[in-house]
Amino acid sequence: MTVRTLNDMNAAGQAKPLSLGWNFSWTLAGSIVSAACQWAIFVLLAKLGTPVVVGRFSLALAITAPPFLFATLNMRTIQATDARRRYELGHCVALRLAALAVAVFYLVVMFFLSHVSFTFAVIISGVALARTFDALSDVVYGFLQQRERMDRIAFSRIIQGTLQVFALGTAYWLTHNLLFAVIAHAVASGLVTVFYDVPSAVWASGYSGTQTDAQNRITPIQISPIVPRWHFPTLLALARLSLPLGVVAVFGALSMAIPRYYIAHDLGERDLGLFSAMAYSIAAMGMIYGAMVQSAMPQLSVAYRQDRRKFARLMRRLMAAALANGLVGLMIAALCGGKLLTLFYKAEYAAHPWVLIWLAVYMTLFMLSSAMTAGLSAAHRFGVQPLVILGQAAATALGCMWLIPKFGLLGAVFGMIAGFVVCLVCFGQLLRREPAL
């Protein structure tokens, strides 16, 4: 047994889980700070630069989102709901590295086949590097979430967000060059991954580098839990289980990115910058709500297997919270949205008040969808989710293609809403088939 003397280690030498209340509190704190930091990046670029700069950064995020979200394969959900502990952290790290290699290859091919300028290609590469570090941190987050230690995740996100804002803001303020700002942003992500997240995984596993044998002698442990484990039968089984979630992540990212592609093509980078700033202002609601969903995932999984009535109660609470958060956001957008956009950005960002209001409606649908996705994932209903998200992406694309030329930025929001209406109808029908729901 691994030797440990810390008070928050259990008898097996691993970190003791926190209560649901503490886990939610920590996750909420981490999500609030992380959302605020991501928003602060857009505020800084809007204040120090122009809507074109904001639009270019947003487009780089939209281009890198699908391949790198696919690379995550949404394994954090697999890890959080793996009540039987069938997959070790080393297996997840190995599969994540292989998937990241595929994502990088995709970007290289895209650069050769497209007409992206060299400067913009380097900007995209800088964003991709930051996403690579974030993906490596995410697999550690799944390990910590499985052990119900959301405090370590929250602290990581707080440090990461703060460093990213400071690094990107300082670099852009000194150089007025988005390329240097994006590179500084990636370096900040890497520092947190290497110097905080990796040690957190080692700590949570109870790994000390030594163990005691039957004669009570201390001997070294050769393999740290964070080291990739290339056991191909296990990796193949894990890939088969997580591949549908990876497809869901890709189509979900496309549903978010498609409106930005159409805006950039039909309206230009300036309007894309205006739209992205407004969207990130309202996205804070979804990120804070995500804290509740992530905290509830392990208990949802256990409740589904042991107490279906409790599972149903948790689902109703999550959906009620989504509606309550959406109503608050809608009221803020309607009553003082324009003033807040002028305060945090510039007056030109407040020229489309109805866009912000309808974005609040869209975010409400997004949160309801997140709750339903959590329920289906807790039930390990992974196979059907890609088809639903594919329908959502298709509806979003068709809606944006038809509505943006007619209604401008408002048409982009209507296209996004159309996609989530399709998603909610399908997920609702799937959940109705579950017992006790």
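The values are calculated or read from the model by the stated rules, or taken from the named source; none is laboratory data. Just so it is clear, the structure is predicted and the values come from calculations on it, not from any experiment. Neighbour counts are summed over all protein chains in view; Cβ atoms, including those assigned to glycine, are modelled from backbone coordinates with ideal geometry. For accessibility, only protein heavy atoms count, side chains too; no ligands or nucleic acids. Shrake-Rupley method; radii C 1.70, N 1.55, O 1.52, S 1.80 Å.
A quick yes/no check of all residues on (1) at pLDDT 80 or above; (2) open to solvent by 30 Å² or more (accessible area, probe 1.4 Å); (3) within 28 Å of ALA374 (Cα to Cα):
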{"residue": "ASP213", "(1), (2), (3)": "no, yes, no"}
{"residue": "ILE218", "(1), (2), (3)": "no, yes, no"}
{"residue": "SER224", "(1), (2), (3)": "no, no, no"}
{"residue": "PHE232", "(1), (2), (3)": "yes, yes, no"}
{"residue": "ARG240", "(1), (2), (3)": "yes, yes, yes"}
{"residue": "LEU243", "(1), (2), (3)": "yes, yes, yes"}
{"residue": "VAL247", "(1), (2), (3)": "yes, yes, yes"}
{"residue": "LEU254", "(1), (2), (3)": "yes, yes, yes"}
Exercise for the section: Inspect region 397-408 for any residue being under 25 Å from SER301 (Cβ atoms) and among the small types (Gly, Ala, Ser) and give the result as yes or no. Expected result: no
Completion exercise
Within region 26-59, residues in contact with a Ser or Thr (Cβ under 9 Å, 6 or more places away or on another chain) and open to solvent by 40 Å² or more (accessible area, probe 1.4 Å) come out as TRP26, LEU28, VAL33, TRP39
Exercise for the section: Restricting attention to region 142-194, report how many residues are among the hydroxyl-bearing types (Ser, Thr, Tyr), under 16 Å from the mean Cα position of the chain (by Cα) and either farther than 26 Å from GLY206 by Cβ or open to solvent by 20 Å² or more (accessible area, probe 1.4 Å) (or both). Expected result: 1
Exercise for the section: Considering every residue within region 119-135, establish whether at least one is part of a loop (DSSP other than H, G, I, E, B) and of a type in the set (D, E, K, R). Expected result: no
Exercise for the section: Please determine, by comparing only the residues of region 123-140 that are more than 14 Å from THR64 (Cα to Cα) and not acidic (Asp, Glu), which one is most open to solvent (accessible area, probe 1.4 Å). Expected result: LEU136
Exercise for the section: Check region 266-289 and report whether any residue there is hydrophobic (A, V, I, L, M, F, W, C), at pLDDT 85 or above and over 24 Å from the mean Cα position of the chain (by Cα). Expected result: yes
Practice task
Confirm whether ARG96 is in a helix (DSSP H, G or I), in contact with a Ser or Thr (Cβ under 9 Å, 6 or more places away or on another chain) and in contact (Cβ under 8 Å) with a residue 24 or more places away in the chain.
Solution key: yes
Exercise for the section: Go through region 75-105 residue by residue and tally those that are on the phi > 0 side of the Ramachandran plot and buried (at least 16 other Cβ atoms within 10 Å of the Cβ). Expected result: 0
Handout entry: Odd one out for PHE120, checked against (1) open to solvent by 40 Å² or more (accessible area, probe 1.4 Å); (2) over 30 Å from MET297 (Cα atoms); (3) at pLDDT 85 or above
Key = (1)
Handout entry: Condition check for VAL202: in a helix (DSSP H, G or I) and either of a type in the set (Val, Ile, Thr) or modelled with pLDDT of 95 or more (or both)
Key = yes
Fill in the blank from the handout: Expected single match for part of a helix (DSSP H, G or I) and over 18 Å from PHE420 (Cα atoms) among GLY290, GLY273 is GLY273
